[in-house]
1. Between helix 63-78 and the chain, what is the angle of the helix's C-alpha long axis to the longest principal axis, kept within 0 to 90° and rounded to the nearest 10?
2. Once you charge only the Cβ atoms, +1 for Lys and Arg and -1 for Asp and Glu, what is the size of the charge dipole of the stretch 40-141 about its Cα centre, to the nearest 20 debye?
3. Identify which of LYS126, LYS21, LYS36 has the largest mean-square fluctuation in a Gaussian network model of the chain, with springs joining Cα atoms closer than 10 Å.
4. Note the full-extension length gain between LYS41 and ASP101 as 0.36 nm times their separation in residues minus their Cα-Cα distance, in nm to one decimal.
5. Which residue, chosen from THR87, ASN62, SER166, occupies the Cα position most advanced towards the positive end of the dipole of the stretch 49-193, where the dipole is computed from +1 (Lys, Arg) and -1 (Asp, Glu) charges on Cβ about the Cα centre?
6. Got a sec? Charge dipole of the chain, +1 on Cβ for Lys and Arg, -1 for Asp and Glu; which of SER37, SER51, LEU78 is way out at the positive end?
7. Normalised radius of gyration for the stretch 47-136, please: alpha carbon Rg relative to 2.2 N^0.38 Å, two decimal places.
8. For the stretch 4-160, what is Rg from Cα atoms divided by 2.2 N^0.38 Å, rounded to two decimals?
Amino acid sequence: MSFFVGRQEELTRLKRLKRLKKSSLVVIKGRRRVGKSTLVKEFSKGKRFISLSGLPPDNNINAQDQRNAFADQLCVQLSLPKVTFLTWSDAFFFLIAQIKDEETIVLFDEISWMAESDPKFLGFLKTCWAQFAIDKPKLVLVLCGSISSWIEDNILCSKGFLGRISLVIRLKPLSLTHSVYFLRKKGITGSIY
């Protein structure tokens, strides 16, 4: 059984992006397991949704592994034949070419993991956004992650993304009331204490 609890304020802020009549770049940060991806999934209901997640950090994971995972996820979700990207620029431009004239939400989940092995990642993303994605008025690109300091340092304080971010959400844990409701819906019984 799937259900969504709380986050009405955040959903309202996301829904207001529609009024902008242009593409939107959204940054969501918050601690691990707080509901960042779930919030984006809820916002995406009734829209085309593409969810791309970085591979967890590991000494054996390199930039090509991250691009391969990105390509595999993208091709599976869009029912495309397998592709290989040699650069992040290739990956981003390929993704943008798949965005047509319909409301589309693209989630880069755990973006710090995607970018970790390639110092050019954010530069390629910024260039693709500025040159092509900005012309897709029904596109919302959500950059999400649980390493808030990385997001702050590399995206929010970056000159490359200055003036390009439409919305920043710092997601906090659910309120006590919503937490109790959530646990009850999950079948957990016992005292609220």
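1. With rounding to tens, the tilt is 70 degrees.
2. Its charge dipole is roughly 340 debye.
3. LYS21
4. Answer, rounded to one decimal: 19.6 nm.
5. Looking along the dipole axis, the top candidate is SER166.
6. SER37
7. Compactness ratio reported: 1.03.
8. The value comes to 0.99.
The values are calculated or read from the model by the stated rules, or taken from the named source; none is laboratory data. Quick caveat, the model's predicted, so the values are computed rather than measured. Methodologically, a virtual Cβ is constructed for each residue, glycine included, from the backbone with ideal geometry; neighbour enumeration extends over all protein chains shown. The protein model used for the area step is the full one, side chains on, heavy atoms only, and it has no ligands, DNA or RNA in it. Shrake-Rupley method; radii C 1.70, N 1.55, O 1.52, S 1.80 Å.
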